[in-house]
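Structure record follows, encoded as structure tokens.
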Amino acid sequence: MLVRGGEVVDEAGVRPADVAIRDGRIAALLPPGEAAEARETLDAAGLHVLPGAIDIHVHVRAPAFPERGTVESETAAAVAGGITALFEMPITQPCCNSGERVRARVEHFRGRSLAHFAMIAAPGRLDDASIEAIREAGAIAFKIFTTAMPAGRETEFSGLARPDEGEEFEALRACARTGLPVIVHAESAQLLDHFAAATQGLDPRGAATHERMRPTLCESVAVARLLAMNMEAGAKLHIAHVTSAATVRVLRAFRGTSDFTAETCPHYLLFTGDEDVARAGVFGRVNPPIRAAADRAALWEAVRDGTIGFVTTDHAAFSLADKERANGDFTSAPPGTPGLEILVPTLLDAVAVGQLSLPDLARLLSAEPARRFALPTKGRVEPGFDADLTLVDLAGETRFPLGAMRTKARDVAHLYADRRFRGRVAATVLGGRPVYAAGELCAAPASGQYLTPDHQGAFR
């Protein structure tokens, strides 16, 4: 196939080129219009051709909760949003916390996924045999929470929730031995208990109560503790969904002390708690909470200067019934919002207003995930790299009226309802084949491959 007439983008810059693809890989970048023959041509005139977006933080939860999302529904949303690969988190029923469960989830995704997929596992019992079995099953990373198991969801969080500092340290050390990254949801369990008690009697209907129950201190203290422990543990630590200016200051203070990275999410970059979450009600509850305007500004600055090197969705699909059961009690609402169709438009809009450049977008969504998680043939538009591409139209526009998304969580996407994003995803190419174009899916569900880390691959 030839992708003709576009501007090719990667973290190194932007240049006009035609992309020649053979056997699922980029064969050459040709001068625009150079004579070449191909069985198929994709017209990219007026478009920018980026490396496929890699979303390293996704909760499909399949196969346990099909009313919330299926592999088919959520990966359709992913490719329609320009995402060519997603990393599935371990929260399901039961928790993905062993080599056997990693393999079972892979088999469930295989043949159903429109996007490439990787598996993140809980480290389970922390013994060498269990950890090694997870690595051998091909997990791309480990995940832990520094919070307690949510009541009623114990089997979903078994081996994942580590509220004890000693266990957190041992988890970092165990994961370090494998060479795989460990992703951490960082909030102090002790401070969460403290603020839950301190806020007893506040109106449970209000978003402000949730923020007071989980203030920024819970996050920044947990992150500081993890980074201090990692100076000894030596893990490839990755801090999930950073929300606050305070945590950004902690990340900067610990820069260079160990091997760590951090991410944030579109909802933290776009919204504020006192306005947007208050408006959306229970549909705007996420953990950790969406913060104030000053926190949002600090996150954008951290994204621009590289303190935060990743933007991910933390896509967490819930059904309308799940959320509506909590009407009248914001604090009991299930935490999460859909994001797969929002990620790329969020950053395209930032490009439109000068907050980011297109090479920044390619770095945040493609090059850094490929480097950090050992996917050496992904993340760039260069000969020899996989032909996973996201074609975008900077002159276009993206809007999602409530209920219009492809995700099964479309009816709970109140935060994004009718929001205007400058720029749109025009097409998504997976392994050299279009899977989404002109507003329509154009591939079978078996398009996606299981991605495993290649620590021997040569990063170019």
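The values are calculated or read from the model by the stated rules, or taken from the named source; none is laboratory data. Just so we're clear, the structure is a prediction, and the values are computed from it rather than from any experiment. All Cβ positions, even for glycine, are placed from backbone atoms using ideal geometry, and neighbour counts span all protein chains on display. Remember, those area values only see protein heavy atoms, side chains included, never the ligands or the DNA or RNA. Shrake-Rupley method; radii C 1.70, N 1.55, O 1.52, S 1.80 Å.
Some observations on this one:
- Taken as a whole, the structure places Thr92 among residues that are in a loop (DSSP other than H, G, I, E, B) and β-branched (Val, Ile, Thr).
- Residue in the range 288-301 that is in contact with a Lys or Arg (Cβ under 7 Å, 6 or more places away or on another chain) and open to solvent by 10 Å² or more (accessible area, probe 1.4 Å) present: no
- The numbered conditions (1) within 30 Å of Asp454 (Cβ to Cβ); (2) touching a Phe, Trp or Tyr at 6+ places or on another chain (Cβ under 9 Å); (3) open to solvent by less than 50 Å² (accessible area, probe 1.4 Å); (4) not β-branched (Val, Ile, Thr) are all true for Leu172 except (2).
- Looking across the range 117-139, the residues that are buried (at least 24 other Cβ atoms within 10 Å of the Cβ), assigned to a loop (DSSP other than H, G, I, E, B) and among the hydrophobic types (A, V, I, L, M, F, W, C) come down to Ala122, Ala139.
- Across the range 230-240, the qualifying residues are those that are more than 15 Å from Phe145 (Cβ to Cβ) and in contact with a helix residue (DSSP H, G or I) (Cβ under 9 Å, 6 or more places away or on another chain), and the one among them that is most open to solvent (accessible area, probe 1.4 Å) is Glu232.
- Candidates Phe87, Phe65 - the one that is open to solvent by 10 Å² or more (accessible area, probe 1.4 Å) and of a type in the set (Phe, Trp, Tyr): Phe65
- Of all residues in the range 92-113, those satisfying the criterion of being open to solvent by less than 10 Å² (accessible area, probe 1.4 Å) and either charged (D, E, K, R) or closer than 24 Å to Glu67 by Cα (or both) are Thr92, Cys95, Cys96, Val102, Val106, Phe109, Ser113.
- Residue within the range 346-366 that is open to solvent by 10 Å² or more (accessible area, probe 1.4 Å), under 16 Å from Asp454 (Cβ atoms) and within 18 Å of the chain's Cα centre (by Cα) present: no
- Evaluation of Pro383 against (1) part of a loop (DSSP other than H, G, I, E, B); (2) in contact with a helix residue (DSSP H, G or I) (Cβ under 6 Å, 6 or more places away or on another chain) (one fails), failing number: (2)
- Single residue of the range 1-44 satisfying the filter (part of a strand (DSSP E or B) and among the charged types (D, E, K, R)) that is nearest to Ser366 (Cα to Cα): Asp10
- Qualifying positions in the range 189-227 - without any contact (Cβ under 8 Å) to a residue 12 or more places away in the chain and assigned to a loop (DSSP other than H, G, I, E, B): Gln200, Gly201, Leu202, Asp203
- Total residues in the range 427-450, condition surrounded by fewer than 24 Cβ atoms within 10 Å (Cβ to Cβ) and hydrophobic (A, V, I, L, M, F, W, C): 7
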